[in-house]
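What follows is a short report on a single structure.
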Amino acid sequence: MKYARLTKEQFEELHTEFINFLATQSITGEEWADIKTNKPEVAEQELDVFSDLVWEGVLQKAEYLENMAPQQLFLFKIKAEQMQLISVKVMDKTKDITTADGYAWLQENFMTDEVEFYTANKQFSNDRSADIFKLIKQGSIITKGELFRFFEDILDKIS
């Protein structure tokens, strides 16, 4: 397995897609029930293959990631060959931007000396999807990029 098995809830959400996946392998509902009962290792393999296919599709479409820690916000823009990072660091250790109050503080104070910005670009390895998945495993979530674009515009104006 290249990525991670989908959760029970994710499989439930993708029930129709999983049925179609089994159908592409000429596995009927009856056959699937038999496989689950009599060949659980084969069933596990099918779940893993399907999970990898879903992850691959999601990772190929991902354009932005966000990872928020108490004093730091990591914003990623996924490009074809590389990813661009904007890091927002809160210097005041008493602030926690993962809370509503801390995030409100950041919204009001991002242009002060108490907040620092860092930017970087990183080339993808030979496996772009694995690089993106690694960030997700470290706590990043896929987003539409509103925060990245907001801070990108701010940085463009001050540079």
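The values are calculated or read from the model by the stated rules, or taken from the named source; none is laboratory data. Because the structure is a prediction, the values reported are computed rather than measured. Please note: Cβ atoms are built from the backbone with ideal geometry, for glycine as well, and neighbour counts cover all protein chains shown. We work out accessible area using only protein heavy atoms, side chains counted, and drop any ligands, DNA or RNA first. Shrake-Rupley method; radii C 1.70, N 1.55, O 1.52, S 1.80 Å.
Across segment 6-83, Cα-Cα distances exceeding 20 Å account for 48% of all pairs. Helix content alone sets the calculated 222 nm mean residue ellipticity of the chain: runs of n ≥ 4 DSSP H residues at -39500 (n - 2.57) each, divided across all residues, give -15500 deg cm²/dmol. Taking θ as phi - 60° and the Karplus parameters 6.51, -1.76 and 1.60, the scalar couplings of segment 64-76 work out to 9, 10, 9, 9, 10, 10, x, 10, 8, 10, 10, 10, 10 Hz in sequence order, x denoting glycine and proline.
With both labels modelled 7 Å from their Cα along Cα-to-Cβ, the His15 to Gln123 distance reads 4.7 nm.
Compute the long axis of helix 100-109 from its Cα atoms, compare it with the longest principal axis of the Cα atoms of the chain, and write down the angle in degrees, 0 to 90, nearest 10. Helix 100-109 sits at roughly 40 degrees to that axis.
Of the solvent-accessible surface of the chain, computed with a 1.4 Å probe over protein heavy atoms with every protein chain present, carbon and sulfur atoms account for 52 percent.
Each of Lys79 and Ile154 was given a label point 7 Å from its Cα along the Cα-to-Cβ line. The distance between the two points is 2.2 nm. Given the alternatives [x] 20.6, 65; [y] 15.4, 46; [z] 14.4, 44, Rg and Dmax of the Cα atoms in Å as computed for this entry is given by [x]. When the pairs Lys77/Lys122; Lys39/Lys137; Lys93/Lys144; Lys77/Lys137; Lys61/Lys95; Lys61/Lys122 are compared against a 22 Å limit on Cα-Cα distance, Lys39/Lys137; Lys93/Lys144; Lys61/Lys95 fall above it.
Separation of segment 92-159 and segment 1-76, taken as the distance between their Cα centroids, equals 28 angstrom.
The modelled label-to-label distance between Val58 and Thr94, using points 7 Å beyond Cα along the C-beta direction, is 3.9 nm. Other residues within the sphere of radius under 13 Å centred on the Cβ of Val42, judged by their own Cβ, net out at -4 (K and R +1, D and E -1).
Principal-axis analysis of the Cα atoms of the chain puts helix 40-61 at an angle of about 40° to the longest axis. Rolling a 1.4 Å probe across the protein heavy atoms gives the chain an accessible surface of 63 Å² per residue. The phi-based Karplus calculation (6.51 cos²θ - 1.76 cosθ + 1.60; θ = phi - 60°) puts the 3J(HN,Hα) values of segment 135-151 at 5, 5, 4, 8, x, 6, 10, 6, 10, 8, x, 4, 5, 4, 5, 4, 6 Hz, whole numbers, x for Gly and Pro.
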